[in-house]
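The values are calculated or read from the model by the stated rules, or taken from the named source; none is laboratory data. Computed from a predicted model, the values in this text were never measured in an experiment. Note: ideal-geometry Cβ built from the backbone for every residue, glycine included; neighbour counts use all protein chains shown. Just so you know, the surface numbers come from the protein's heavy atoms only, side chains and all, with ligands and any DNA or RNA stripped out. Shrake-Rupley method; radii C 1.70, N 1.55, O 1.52, S 1.80 Å.
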Amino acid sequence: MKFQVNRDVLADAVAWVARVLPNRPAIPVLSGLLLEAGDDLVLSAFDYDVSARASVEAEVAEPGRVLIPGRILAEITRSLPTQPVEIAISGSEAVLTCGSAEFGLFTMPVEDFPTLPVMPPKIGAVGGGIFASAVGQVAAAASRDETLPMLTGVRVDVSGESVTMAATDRYRIAAREFDWRPEQPEVTAAAMVPARVLVEVAKSLRGGEVSMALGDGVAGFESVGRSTTVRLLDEQFIDYRSRLTDDWPIRADLRVAPFIEAINRVKLVAERNTAIRLSFSQGQVLIQAGGGDIGRGAESLEAELSGDSIQIAFQSQFLLDGLTGIDTEYVRLNMQSPSRPALITEVPGDADPAFRYLVMSLRLS
């Protein structure tokens, strides 16, 4: 095998594929990147749960396949000078040459590398910007506790031309609905996709559309020459829709950016995991924190209140995660009482808000 490729193109593709390499591989070959040179250069990685594949243009002199230790290849390609890179097989080595730099990397037995899963049938596509925005809004609410796998995923519900993503860690629920272009007008599907995989896919988007595929317990995502497959989690999930549609007798509308800035200032005197207290009255909200060993902070902002005055408290980061998901200038806090969860939404116009974020309140001391 022998080929030449642009240094930046190679480094970018290797870094993207290498992100799925396991820290503690079950077998040594899973730490390798598979390079296949044919009409183009295809790079692949697989850990039995997640696969990644990237295709790039290359000048192929001799087609072939080679398995190279992935992390060291990523470090080398990232540090190379900006000159064409040539990789050729010489005995048990993959010889990488770039300008005056040369590396000889021992190859791994390519025949031991597992067969990558086939991309399941495509069910629809959506613009990359919409996809990345939706993932960013809901993934923050997914749990990091691997002992409860159901909570580490993002629920994806497909119904015709509409898709809803939702996640929860028991303390908040985030949901985002968006339109897409289905392959079949009446398609319906539901899947639990690991949140970390969706986040990685969203981070790597370079524009264009994202195609989603589902089948046989596997989800696939493809965009601009790059594809990822992932084994799905158990479909069990809470009935999140019913929890986002309560009656809300108290509503407060205020500008998002100043609200976030004020919370970030006031929380500087709050001890870890202590509450941010919000006191809503006609025309304003008073944001307070602290009062312990460090000190206290307070700041007031304009707010349009509908309903009775209320004092309610939240864990600061949970509150901020919801507010940063708001794409409009104003945010609405829908509330019932100090002891009940509050619903954060965009200030609705003629349509229901696309993003909803339910967050538990904390007991006021």
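Please give the length that would be gained between residue 79 and residue 122 if that part of the chain were fully extended, namely 0.36 nm times their separation in residues minus their C-alpha to C-alpha distance (nm, one decimal). Intermediate results must be reported in sequence, preceding the final value.
Numbers: separation 43, 0.36 × 43 = 15.48 nm, distance 3.71 nm.
Stretched fully, the residue 79-residue 122 segment lengthens by 11.8 nm.
In nm, give the distance between the simple-model label positions of residue 255 and residue 170, each being 7 Å from the Cα along the Cα-to-Cβ direction.
4.0 nm
Excluding residue 180 itself, what net charge comes from residues whose Cβ is under 11 Å from its Cβ, given Lys and Arg +1 and Asp and Glu -1? Intermediate results must be reported in sequence, preceding the final value.
Values: positive: 181; negative: 161, 177, 179, 183, 209.
Spelling it out: positives minus negatives among the neighbours equals -4.
Can you give me the angle between helix 7-18 and the longest principal axis of the chain, using Cα atoms only, in degrees from 0 to 90, rounded to the nearest 10?
Roughly 60 degrees between the two axes.
Over what distance in Å are the Cα centres of region 211-239 and region 49-91 separated?
27 Å
Which of 61, 141, 202 moves the most in a Gaussian network model of the chain with Cα springs under 10 Å?
61
For the chain, what is the accessible area per residue in Å², given a 1.4 Å probe and the full set of protein chains? Display every interim value, and only then the final one.
Details: 17570 Å² over 365 residues.
Computed with neighbouring chains in place, this is 48 Å² per residue.
Angle check, please: helix 128-139 long axis (alpha carbons) against the longest principal axis of the chain (alpha carbons), in degrees 0 to 90, nearest 10.
It is inclined by approximately 60 degrees.
Run the accessible area of region 251-365 with a 1.4 Å probe and give the carbon-and-sulfur part as a rounded percent. Mind dumping the intermediate values first?
Working: 2550 of 5840 Å².
Roughly 44 percent of what the probe reaches on region 251-365 is carbon or sulfur.
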